[in-house]
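The values are calculated or read from the model by the stated rules, or taken from the named source; none is laboratory data. The model shown is predicted, which means the values in this text are computed figures rather than measured ones. Here the Cβ is made from the backbone with ideal geometry for all residues, glycine too, and neighbour counts use every protein chain on show.
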């Protein structure tokens with residue numbers, strides 16, 4: 001299936017973002033605003049995944065506030081753990097050199113494995129401790145997992 005995807009390229013050029021898909025290409029204007037393709041695709045993935053989970057929560061009769069707040073927490077916690085995992089697993093010299101400050105500089109890289117593990121740990125933390133929903137942790141986890149593949153797809157494309 002991956003081989004069926006066309007070659008794509010996103011890069012900043014004068015006046016916008018250049019998008020190339022196979023033989024087709026266009027420039028998307030950004031009106032002088034710098035736009036990072038990775039961040040754009042990650043944000044798009046988060047929004048699409050959140051919307052898929054939110055729509056399913058409505059169909060299942062789950063309060064939207066609970067699922068949206070949970071997803072926001074899962075995403076933020078996942079990004080933080082993704083960075084911690086990056087520092088500890090891939091760049092331990094940063095930890096040895098800068099101590100805890102290397103863990104707080106979250107803009108210095110993320111690990112998708114760390115993000116996945118952090119997001120997985122965030123579900124029982126949020127729905128079991130922060131906003132307890134006894135007996136519903138698996139249901140909320142299922143709702144979050146429903147939107148996860150589309151978010152992961154766009155995040156990995158970036």
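Taking the listed residues 144, 130, the one that is more than 16 Å from the chain's Cα centre (by Cα), in contact (Cβ under 8 Å) with a residue 12 or more places away in the chain and either under 17 Å from residue 76 (Cα atoms) or surrounded by fewer than 18 Cβ atoms within 10 Å (Cβ to Cβ) (or both) is 130, with no other qualifying.
Listed here are the residues, each with its yes/no results for (1) within 27 Å of residue 141 (Cβ to Cβ); (2) part of a loop (DSSP other than H, G, I, E, B).
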{"site": "25", "(1), (2)": "no, no"}
{"site": "28", "(1), (2)": "no, no"}
{"site": "32", "(1), (2)": "no, yes"}
{"site": "35", "(1), (2)": "no, yes"}
{"site": "40", "(1), (2)": "no, no"}
{"site": "65", "(1), (2)": "yes, no"}
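When the residues of segment 1-20 are filtered to those that are outside any strand (DSSP E or B) and either loosely packed, with under 11 Cβ neighbours inside 10 Å or in contact with a helix residue (DSSP H, G or I) (Cβ under 6 Å, 6 or more places away or on another chain) (or both), the one that is modelled with the lowest pLDDT is 1.
In this structure, does residue 55 turn out to be in the same structural domain as residue 124 (by TED's automatic domain parsing) and either under 30 Å from residue 145 (Cβ atoms) or surrounded by 14 or more Cβ atoms within 10 Å (Cβ to Cβ) (or both)? So residue 55 passes the test.
Would you check if residue 75 is closer than 15 Å to residue 151 by Cβ and free of Cβ contacts under 8 Å to residues at least 40 places away in the same chain? Criteria not met by residue 75.
For the structure I just gave you, tell me whether residue 89 is surrounded by fewer than 16 Cβ atoms within 10 Å (Cβ to Cβ) and in a helix (DSSP H, G or I). Judged against the criteria, residue 89 is a match.
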